[in-house]
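The values are calculated or read from the model by the stated rules, or taken from the named source; none is laboratory data. All values reported here derive from a predicted model rather than from experimental measurement. As a convention, Cβ positions derive from the backbone with ideal geometry for all residues, glycine included, and neighbour counts pool all protein chains shown. Accessible surface areas use protein heavy atoms only, side chains included; no ligands, DNA or RNA. Shrake-Rupley method; radii C 1.70, N 1.55, O 1.52, S 1.80 Å.
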Amino acid sequence: MIERSRRTQANKNLNLFLLALLFPLILISQDVLKGQVVEQGNGQEWPLVGANVFWLDTAVGAVTDINGEFEVSYKADYSKLIISYVGYKTDTITVTQPKYIKHKLQPKGDLDEVTITSRNQATSKSYLSAQNITTVSSDELLKAACCNLSESFETNPSIDVNFADAVTGTKQIRMLGLTNKYILITTENIPSIRGASQAYGLSFIPGTWVESIQITKGAGSVVNGFESIAGQINTELRKPSTDDRLFVNLYAANSQRLELNTHINTKISKRWDTGLYVHGSTLQEKHDVNNDGFLDMPLYNQINVMNRWQYTDQEHGFVSFINVRYLNDAKQSGQMDFDPENTNLGGNGMILNAPLPNGQDFEAWGSEVNTERFEMSGKFGYVNPDIPWQSLGVQMACSSHNQNSYFGLNTYDINHNSLYSNVIYNSIISDSRHKIKTGLGFTYDHYDELISNESFERSERSAGAFFEYAYDDLNNFTMTAGLRFDTHNLLGEFVTPRLHMRYTPWEKAALRASVGRGKRSANIFAENQSMFSTSRTISILGGNGPIYGLDPEIAWNYGISFLQGFNLFGRKGDVALDFYRTDFKNQVVVDWEQVNQVRFYNLEGDSYANSFQVEVNYDVFDRFTIRGAYKYYDVKTSYQTGKLMKPLVPKHRIFANLSYQTKMDARLSQWKFDLTYNWLGKQRFSSTALNAPEFRLPEYSPTVATLNAQVTKVFSSKFEMYLGGENITNLRQNNPILDANNPFGPNFDTTFVYGPIFGSMYYAGLRYKIK
């Protein structure tokens with residue numbers, strides 16, 4: 001009996017020991033959700049290997065194994081489980097407790113037409129992507145009038161927008177402290193604003209055509225080429241199959257700027273849709289608010305027409321887009337009394353290039369820029385319905401860009417013909433955690449330029465192959481590593497490596513790092529057309545470089561960023577910090593530091609751009625969002641006179657945006673209010689120390705603060721009106737032109753622009769659409 005009692009007691013102790021040993025596992029099992037993902041066909045089910053399973057708004061996820069099964073961490077806070085797989089409809093499942101789940105994914109080709117209505121975030125950042133990508137939706141674009149792409153970034157702190165000079169109204173953007181020539185700007189991932197269109201191309205994409213914008217900081221992907229250095233801005237256009245059947249946007253400003261945008265979309269057949277997109281804009285009223293005798297903004301007419309075709313065959317996995325586009329843009333600027341039809345200078349194409357006779361009676365300084373552009377592009381995609389993780393894409397585009405222009409006595413004409421092609425193959429290795437992209441690309445560019453009496457001509461041909469590998473463990477780590485090899489008739493043979501990584505150290509966080517190399521040929525005339533609106537002479541101090549005597553530009557970009565989501569008082573928000581550094585190994589230095597000269601030469605010494613940004617987004621209460629950001633730039637270049645900060649780049653910038661919408665009623669009616677504040681720190685002027693005393697400027701500009709506001713009344717799903725103001729505090733730079741009274745004299749310069757010239761501007765408009 002004693003022995004049995006001892007054995008019984010020993011068994012109890014063993015059970016207690018095992019229970020204690022297994023207790024943590026029991027607890028853990030309560031924090032794990034298990035399940036299986038399958039597909040169904042012909043009455044049978046098959047497990048889906050490598051399907052992505054993750055919780056909404058987190059980086060917590062898993063991937064299905066060879067049996068289609070998964071285990072993913074579970075918390076009571078998690079309620080929406082997202083299941084996705086290449087070639088299948090992504091599903092979101094509501095989970096209330098960690099019970100076993102068996103879910104069937106439906107191939108995209110089998111889907112019936114569905115209508116999904118949801119409220120998207122106007123601007124969003126990905127917690128899962130390896131790249132630092134901000135997506136700007138059409139809702140964000142509507143916060144401002146957004147007449148063209150350059151004006152689409154007014155409510156985004158990552159992109160700076162400023163004027164290039166005081167006469168042509170040209171706007172340029174800046175990312176990471178570098179101007180748009182270092183940003184790969186694409187339209188549906190086809191390079192679009194480059195070469196001859198660098199100066200004015202941002203105004204050639206109407207805002208209403210834009211469906212969304214993806215802003216990628218850092219080196220970008222190797223898929224679209226080797227030129228990206230500071231980042232990539234990709235614009236997705238509206239699709240004929242999803243855009244409104246009829247859309248009309250009418251805009252009018254107190255400056256008498258008028259714009260009309262019309263979209264007409266129709267379904268031709270079961271698989272074909274087409275859309276006609278027409279943009280017309282004009283400004284014919286002369287303004288000289290600062291009384292310097294020059295137009296504050298150019299007179300212009302622009303006609304922009306695009307016909308877009310979409311082919312969709314989901315059953316067999318084909319999709320295609322074909323775009324044909326024509327643009328005509330005519331600008332006139334200069335002195336108020338300049339008339340190109342009745343002047344000795346510039347009228348009727350008569351440009352005086354030779355030295356002028358002493359005592360000639362100049363009538364007025366003026367400028368005309370006439371641009372005609374034709375584009376054709378096509379995208380063709382195929383997804384194998386039986387092997388949905390494999391796809392093939394072909395991109396092709398050609399364009400002809402002709403600009404005839406003069407700026408006072410300076411003539412500048414450019415003809416740029418371009419051809420772009422890219423073939424991309426997508427697949428996976430073993431499962432969807434390992435994705436690859438590989439392909440071939442070919443680009444041809446021919447430039448024919450006339451600067452006063454001197455001609456410049458060159459052709460560039462490049463062929464390249466690329467391979468990009470992406471790994472995603474759907475838990476806390478993703479990586480994209482790319483490598484491309486190109487052979488270029490002027491730049492030689494070279495390799496472009498790029499790497500992006502994302503790690504999630506804890507919940508609702510994303511820590512990213514990136515490094516990459518970029519290389520490009522500088523289009524010194526097309527990219528610096530503001531120099532023609534000066535009396536500066538142009539000097540190219542090159543050697544034996546392949547591009548007009550200059551060497552190609554080469555730079556490395558390094559970056560680190562951190563994104564943290566949070567809940568404060570029951571409201572969502574996020575804070576994002578990033579730091580990027582761009583180191584130029586060679587740069588074509590644009591030197592404005594010499595009196596009456598613009599000089600181009602290869603870099604000797606250091607040139608770098610450091611950029612730091614912190615941004616906070618927070619939903620204060622229902623439908624009221626605030627966004628604030630601070631940005632710091634340290635952009636320096638070694639000039640022949642020493643290392644200096646880049647001119648007209650503010651070291652400090654503060655940005656704030658408030659957005660509120662009333663609740664939508666049964667008629668889908670609501671009010672929308674948006675307010676945007678921008679503060680720019682002092683900006684360094686290029687040196688004027690050797691000018692005559694009356695034409696010397698201080699070393700730095702004053703600080704600048706502007707305030708924009710817009711109110712939108714949505715009457716129904718079909719009709720809305722908006723009213724807004726830009727620079728409503730009426731801030732003005734009073735003397736943006738140096739020696740404006742003597743535009744043919746040696747001190748004339750229009751490039752010292754650091755703030756608004758026109759002052760406040762108010763506008764109103766309407767949008768009408770039929771679904």
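In the range 236-261, the qualifying residues are those that are closer than 25 Å to residue 424 by Cβ and surrounded by fewer than 22 Cβ atoms within 10 Å (Cβ to Cβ), and the one that is nearest to the chain's Cα centre (by Cα) is 236.
Only a single item in (1) in contact with a Ser or Thr (Cβ under 9 Å, 6 or more places away or on another chain); (2) modelled with pLDDT under 95; (3) open to solvent by 10 Å² or more (accessible area, probe 1.4 Å) is not met by residue 307, and it is number (2).
Give the residues of the range 739-771 that are in contact (Cβ under 8 Å) with a residue 60 or more places away in the chain, closer than 23 Å to residue 595 by Cα and open to solvent by 40 Å² or more (accessible area, probe 1.4 Å), sorted by residue number. Passing the criteria: 741, 744, 746, 754. Scanning the range 565-578 for residues that are part of a strand (DSSP E or B) and surrounded by fewer than 18 Cβ atoms within 10 Å (Cβ to Cβ) turns up 566, 567, 568, 571, 572, 575, 577.
The residues of the range 62-103 that are under 37 Å from the mean Cα position of the chain (by Cα), basic (Lys, Arg) and part of a strand (DSSP E or B) amount to a single one, 80. Restricting attention to the range 721-738 and to residues that are crowded, with 18+ Cβ neighbours inside 10 Å and over 27 Å from the mean Cα position of the chain (by Cα), the residue that is nearest to residue 536 (Cα to Cα) turns out to be 738.
Taking the range 647-663 as the range and being of a type in the set (S, T, N, Q) and surrounded by fewer than 17 Cβ atoms within 10 Å (Cβ to Cβ) as the test, only 662 passes.
Residues of the range 625-646 that are in contact (Cβ under 8 Å) with a residue 12 or more places away in the chain, open to solvent by less than 60 Å² (accessible area, probe 1.4 Å) and farther than 22 Å from residue 158 by Cβ: 637, 638, 639, 644.
Taking the criterion of being part of a loop (DSSP other than H, G, I, E, B), under 23 Å from residue 480 (Cβ atoms) and open to solvent by less than 40 Å² (accessible area, probe 1.4 Å), the only residue of the range 387-411 that qualifies is 388. Number of residues in the range 579-605 that are open to solvent by 40 Å² or more (accessible area, probe 1.4 Å) and either modelled with pLDDT of 95 or more or under 30 Å from residue 567 (Cα atoms) (or both): the value is 3. Tally up the residues in the range 159-189 that are within 20 Å of residue 657 (Cβ to Cβ), open to solvent by less than 10 Å² (accessible area, probe 1.4 Å) and not β-branched (Val, Ile, Thr), please. Selection size over the range 159-189: 1.
When 235, 208 are screened for being outside any strand (DSSP E or B) and at pLDDT below 95, only 208 passes.
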